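Since the structure comes first, as structure tokens, the remarks are kept for the end.
Just so it is clear, none of the values below were taken in a lab; they were calculated from the coordinates. In this text the structure is predicted, and so the values were computed from the model without any measurement. Virtual Cβ from ideal backbone geometry, glycine too; neighbours counted across all protein chains shown.
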Amino acid sequence: MKKFLILPIALLGSSPALAQMQRDPGAALANADANGDGAITRAEFQQSRAARFDKADRNHDGAVSRDDFKRLARFRPDAVERLSALIAEADANGDGRVTRDEIGKAPMPMFDRADANQDGRVDQAELAAFKAKAAELRKQR
Ligand SMILES: [Ca+2]
Ligand SMILES: [Ca+2]
Ligand SMILES: [Ca+2]
């Protein structure tokens, strides 16, 4: 039983943001398909992450930090949790702020995991396989 608790984290990486995305990891990928051609490229995934970044940068100082969540914390504690995880994941120099540069360079372990043949795109078959695997792991827990 115990090994099933460890498996999903081992599969998707151990960062808190990824742990959160385990709830619906396929959706985060599928939503990134900006041109709707059914495949998600690295650029599309990166762009969708940058879009989330822009939304999170509430005070528009070009970096996402806890300062941006002060008001959010009152009515969306769940969102704050997600953003904190995102910061922890991408804050390369550990100053508590994630700049656009840092988010652009942050690793994308979930994308890499889904891109089974490593051609830089997650196609429909890969996305389906990724979703199936995630659902299976959810069931096992
Ligand atoms: Ca696409
Ligand atoms: Ca930083
Ligand atoms: Ca691929």
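Which whole-number percent is the relative contact order of region 13-140 (Cα, under 8 Å, 6+ apart)?
29
I want to check the label-to-label distance for residue 37 and residue 70. Put each point 7 Å from Cα in the C-beta direction and report it in nm to one decimal.
Label-label distance for residue 37 and residue 70, simple model: 4.5 nm.
Which number do you get for Rg(Cα) / (2.2 N^0.38 Å) in region 58-106? Don't skip to the answer; put the middle values down first.
On the way: Rg = 10.5 Å, N = 49, 2.2 N^0.38 = 9.7 Å.
Against the empirical 2.2 N^0.38 Å value, I get 1.09 for region 58-106.
Using a simple spin-label model with points 7 Å from Cα along the Cα→Cβ vector, what separation in nm is obtained for residue 54 and residue 118?
The two pseudo-label positions are separated by 3.3 nm.
For region 13-140, what is Rg from Cα atoms divided by 2.2 N^0.38 Å, rounded to two decimals?
1.08
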